1. In the range 302-331, what trypsin sites (Lys or Arg not before Pro) fall in a loop by DSSP, with at most 13 other Cβ atoms inside 10 Å?
2. For the range 331-381, state which chymotrypsin sites (Phe, Trp or Tyr not before Pro) are in a DSSP loop and have at most 15 other beta carbons lying within 10 Å of their beta carbon.
3. For Rg and Dmax of the Cα atoms in Å, the listed values are (1) 30.2, 117; (2) 20.6, 66; (3) 22.5, 64; which was obtained by calculation from the structure presented?
4. Determine, for SER188, SER254, the number of other Cβ atoms within 10 Å of each Cβ, and report the residues in order from fewest to most.
5. Quick check: residue separation of SER204 and TYR176 times 0.36 nm, minus the Cα distance between them. What number comes out in nm?
6. What list of ³J(HN,Hα) values in whole Hz, one per residue of the range 57-69 in order, does the Karplus curve 6.51 cos²θ - 1.76 cosθ + 1.60 (θ = phi - 60°) give from phi, with Gly and Pro shown as x?
7. I want the local charge near GLU207. Using Cβ-Cβ distances under 10 Å, sum +1 for each Lys or Arg and -1 for each Asp or Glu among the other residues.
8. As I understand it, the value is the acute angle between the Cα axis of helix 276-288 and the longest principal axis of the Cα atoms of the chain; what does it come to in degrees, rounded to 10?
Amino acid sequence: MSTLGDRLRALGVPVEGPGEESTPTPSPCPIEDLLPGEYVHTDHGATFVAAERHVLDRAHGCATLAAADPLDVIAASAGEPALAHIGIEAIAYIDAETTGLARGAGTYAFLVGVGRYRHGVLEVAQFFMRDPAEEAAMLAALRDYLAPCEALVTFNGKTFDLPLLRARYVANRQDYPFGDLPHLDLLSLARRLWRTRLPSRAMSCLEDEVLGYARPAGDVSGWLIPALYFDYLRDGDARPLRGVFAHNAIDVLSMAALLAHAAALTADPFAEVISALDRLDLASLYERLGRAEVAVLLYQRALEDGLPPLERRRGRQQWAQIEKRRGNLDRALALWEEAAADGELYAFVELAKAHEHQRRDYAAALHWTERALDRVAMPDYAGADRQVRIASLTHRLDRLQHKNEREP
C-alpha cells in the first residue's frame, strides 16, 4: 500500500523519508560576484556593466586585435565614405544578445557588448539587464558610453541588432541616439571579400577560415542563450550566464580582428599570402568601386595563380569586360579567344559582336557566330535556353551573311 509520502512524491512534492536529507536549493549568485564590473547610475536607475581590457598584440587566431587601418576601400565599399576619416578610437563594435530572434515588442536585448579602442587597449564593456525593469537604465548607460563614438561596426547589425535597439529605445520613450552614425556591417563586407572561397559567411566560418580562431570548448551555442537568460530571471542564479558573457565578448573581439584583417587585405591586395579565390573577390570589389587599373591587375594575378574552371571563366570574363569598356579591344579580343578555346559560349558571341561592330570584319563575325551555333548544338551544352540561343544566333548569322555578301 502506498503511503502518504509516496503519493506526495508522485505529485512532485519533495518529502524527506527516514534517513533522507533534502537536496538544498542552490543559493542565487548575483552577476557582480562573477564578473569584474560596476554599477553605472543613470537618470533611469542603475545597471551592471562588466568590463575587460585586451592588449592589441593579443593573438586572436592568426590575427591580432591591432586597430584597423586604413579603412578607405572598406568605407567606399560600404557606401559610408565618412568611415575613412574617423579615428579608430571613435569607432564602436556592438553585439547584442537577445531573448529571441523576433523584433517584436516582446524581444529584449538583455546584454549589449561594446568594443572600443581606448588608451592603447581594446576595451570590451558589456551592459547587462538584470531584470526587464532595468531596461531603461541599461539603454541610458549604453547611450552615454557611446556618446563619444562617431561610427558603429556590427555583424548583421543592419538587419537585426540596430533595428532591435532602436525599437527598445522607442519602447522606453528614449531617443534612439545612433541613427545618424556611419555604420559598417561586417556581414555585408564578408559577402564581398570571401563569397567565392567560403561556403558560409557566418561568424563561426569566418573565425575558422579567415581568422584561424577556434572558440574554447564549451562555448555557449547562440540558440541556447535566450533560455539561459530566462532561467536566470526565474532563479536569480547568474552562474550559467558566465558562458553567455564570454560568448558575447568573443563576438566583439572577432569583429575587431576581422575588420583589422580586412583592412590589411584591402590595403595590400597583392600580398603573397592571399589566395587566388580571395584575390578574385578583391578584383570584383575594386571593379565595383571604379578602380579599373587595380581590378585588372588583380584579375590577371588571380588567373596566373590558378583558379578552378568556373572561377577562371568568371575572372577572365570580367577582366575582358573592363578592357572592352576602356576601349582596349585588342586585350579583350585576346581574352575572349582564350575563353573560346575553352568552349565558353559567351566568348564566341563577344567575338562575333566585336568583329561585326568594331572591326567591321563580317567574315570573322560570321566565323564566330557559326562557332557559337556549333557550341549550342553540342550535347554537353547545359543551358536551358538552347532554342532561344539558336534563334538569336541564327538571326545574327542571316544578318551577317547579307552584310558579307555586300562587301566588295
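1. Working: sites: ARG312, ARG313, ARG314, ARG316, LYS324, ARG325, ARG326, ARG331; in loops: ARG326.
Sparse-neighbourhood loop trypsin sites (Lys or Arg not before Pro): ARG326.
2. Details: sites: TRP336, TYR346, PHE348, TYR362, TRP368, TYR381; in loops: TYR381.
Counting only loop positions with at most 15 other Cβ atoms within 10 Å, the chymotrypsin sites (Phe, Trp or Tyr not before Pro) in the range 331-381 are TYR381.
3. Step by step, Rg and Dmax of the Cα atoms in Å for this structure corresponds to label (1).
4. Working: SER188 17, SER254 27.
In order of increasing Cβ crowding within 10 Å: SER188, SER254.
5. Details: separation 28, 0.36 × 28 = 10.08 nm, distance 3.01 nm.
So the chain would gain 7.1 nm between SER204 and TYR176.
6. With coefficients 6.51, -1.76 and 1.60, one gets 8, 5, 6, 10, x, 8, 9, 10, 9, 4, 4, 6, 6 Hz.
7. On the way: positive: ARG215; negative: ASP208, GLU209, ASP251.
Result for the neighbourhood of GLU207: -2.
8. Value to nearest ten degrees: 80.
Laboratory data are not the source of any read-out in this text; all were calculated from the coordinates shown. Quantities reported herein were computed from a predicted structural model and do not represent experimental measurements. Glycine also receives a Cβ, built like all others from the backbone with ideal geometry; neighbour counts cover every protein chain displayed.
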